[in-house]
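A.B. asks: If you scroll down you'll find the structure; I have some questions about it.
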Amino acid sequence: KAGVTQTPRYLIKTRGQQVTLSCSPISGHRSVSWYQQTPGQGLQFLFEYFSETQRNKGNFPGRFSGRQFSNSRSEMNVSTLELGDSALYLCASSLAGQGEQYFGPGTRLTVT
Amino acid sequence: DQQVKQNSPSLSVQEGRISILNCDYTNSMFDYFLWYKKYPAEGPTFLISISSIKDKNEDGRFTVFLNKSAKHLSLHIVPSQPGDSAVYFCAASDHGSGNTGKLIFGQGTTLQVKP
C-alpha cells in the first residue's frame, strides 16, 4: 500500500499571502489529521476530518482551515500568513480516527 | 499546559545495549498511547502502541510499558542499533472522550546509538 503523500514538500511564501497544502491518505483510511511542528511548540494538533466533516479542532486561529473530499484527500489552507506560521505541516491518516495514525513526509512552509 | 512530557531531551547508549525512553502524562482520561520515531525532514514513523487496559506490549526489539497509577510509560529497545538513532516521540489520545483523530505529543527525546 502506498503511504501518506503530501504536496508540495517545500514552500516559500510572503507574509500576508495565503497557502494551500494537500494530503492524500493511505487507501481505505477515512480520517485525516493535520499537525504543525515548530521548534518552540513541538507537534500540535490542528484539526481532523472524517467523511468530509471536521470532527475535531485544535487551538489555532480561524486563519487555519481545511476540508476533505469524497475520496478522503484533504487540504489545509492558511490565510494572511504570518512569520510565525513557518513550520513543518504534517498530515496523518487512520482508518477512522482512533488508534495508530500514519504520517506523511510533511510540507516545510517558510514565511518571509 | 504540557499534558505529555518527555523530560530527557537526549539519550546516548552503546550499540547492543538497552535504550529506555520515558514519558509522563497528566491527563487521566488518556486511553491510548503511542511511540513514534522521527528522522530529520521526514514525518514520524509509528513504532508501537498500548491501550490503557494493558501494562505491556511487545513488538520485536520494542517493548512499551504502561504504569497507569504513576501516569508513566516507557519504551525499551533491545538490543539498540545505530539505525535506531532518531528523535522519539511519545503521544497520547483520549478517544473515549470523543477526541477523535487527536494525538497529544511530548517534546521528543533524541536517541543516539554509538557503534
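Taken together, the values in this text are just the output of simple stated rules run on the coordinates, not laboratory data. What you see is a predicted model; the values in this text were computed from it and never measured. Methodologically, a virtual Cβ is constructed for each residue, glycine included, from the backbone with ideal geometry; neighbour enumeration extends over all protein chains shown.
A.B. asks: Quick check: residue separation of B:T45 and B:L11 times 0.36 nm, minus the Cα distance between them. What number comes out in nm?
C.D. replies: 10.3 nm
A.B. asks: Still on this model: Using amide H atoms built in the peptide plane, which far-off residues or other-chain residues are under 5 Å from B:R17 H to H?
C.D. replies: Amide H neighbours of B:R17: B:S80.
A.B. asks: Now a separate question. Mind checking the mean number of beta-carbon atoms from other chains within 10 Å of the Cβ atoms in A:38-49?
C.D. replies: The shielding value for this peptide is 3.
A.B. asks: Mind checking A:91-103 for the average number of partner chain beta-carbons within 10 Å of each residue's beta-carbon?
C.D. replies: Mean number of neighbouring Cβ atoms from other chains: 5.
A.B. asks: Moving on. Could you work out the relative contact order of chain A? I mean the mean sequence separation of Cα pairs under 8 Å and 6+ apart, divided by the number of residues, in percent.
C.D. replies: That works out to 37 percent.
A.B. asks: Whole angstrom only: what separates the Cα centroid of the stretch B:47-91 from the Cα centroid of the stretch A:55-102?
C.D. replies: Centre-to-centre distance over Cα atoms comes out at 27 Å.
A.B. asks: A follow-up question, please. Please state the relative contact order of chain B as a whole percent: Cα pairs under 8 Å, 6+ residues apart?
C.D. replies: 36 percent.
A.B. asks: Sticking with this structure for a sec: May I ask for the net charge around B:S52, where only other residues with Cβ less than 10 Å from the Cβ of B:S52 are counted and Lys, Arg are +1 while Asp, Glu are -1?
C.D. replies: Summing Lys/Arg as +1 and Asp/Glu as -1 gives -1.
A.B. asks: In whole percent, what relative contact order does the stretch B:4-66 give with Cα contacts below 8 Å and a gap of six or more residues?
C.D. replies: Value for the stretch B:4-66: 21 percent.
A.B. asks: Which value, in debye to the nearest 20, gives the size of the charge dipole of the stretch A:33-87 about its Cα centre, when Lys and Arg are +1 and Asp and Glu are -1 at the Cβ?
C.D. replies: Computed charge dipole of the stretch A:33-87: roughly 120 debye.
A.B. asks: Right, next: For the stretch A:67-108, what percent of Cα pairs sit more than 16 Å apart?
C.D. replies: Distances greater than 16 Å cover 50 percent of the Cα pairs.
A.B. asks: So what's the net charge close to A:T53: Lys and Arg +1, Asp and Glu -1, counting the other residues with Cβ under 11 Å from its Cβ?
C.D. replies: Local net charge: +1.
A.B. asks: From the phi angles alone, apply the Karplus equation (6.51, -1.76, 1.60; θ = phi - 60°) to the stretch B:10-19 and give each ³J(HN,Hα) in whole Hz, x where the residue is Gly or Pro.
C.D. replies: Here the 3J(HN,Hα) series is 8, 8, 10, 9, 8, 3, x, 8, 8, 10 Hz.
A.B. asks: Counting other beta carbons within 10 Å of each Cβ, put A:L83, A:L95, B:L103 in order, fewest first.
C.D. replies: A:L83, A:L95, B:L103
A.B. asks: Report, largest value first, the span of the C-alpha coordinates of chain A along each principal axis, in whole Å.
C.D. replies: Per principal axis, max minus min of the Cα coordinates gives 38, 26, 25 Å.
A.B. asks: Which of the peptides B:43-53, A:84-94 is most tightly packed, and how do the rest follow, judged by the mean count of other Cβ atoms within 10 Å per residue?
C.D. replies: A:84-94, B:43-53
A.B. asks: Still on this model: From other protein chains only, count the Cβ atoms within 10 Å of every residue's Cβ in A:29-35, then give the mean.
C.D. replies: Counting Cβ atoms of other protein chains within 10 Å of each residue's Cβ and averaging gives 2.
A.B. asks: In addition: Which lysines does B:K114 reach when only Cα atoms under 23 Å apart count, and residues fewer than 8 places away in its own chain are ignored?
C.D. replies: B:K37, B:K38
A.B. asks: Compute the Cα gyration tensor for chain B, then decide on rounded, prolate or oblate, letting a ≥ b ≥ c be the square roots of its eigenvalues: rounded whenever a/c is under 1.5, prolate when a/b is larger than b/c in the other cases, and oblate in all that remain.
C.D. replies: Here chain B falls in the prolate category.
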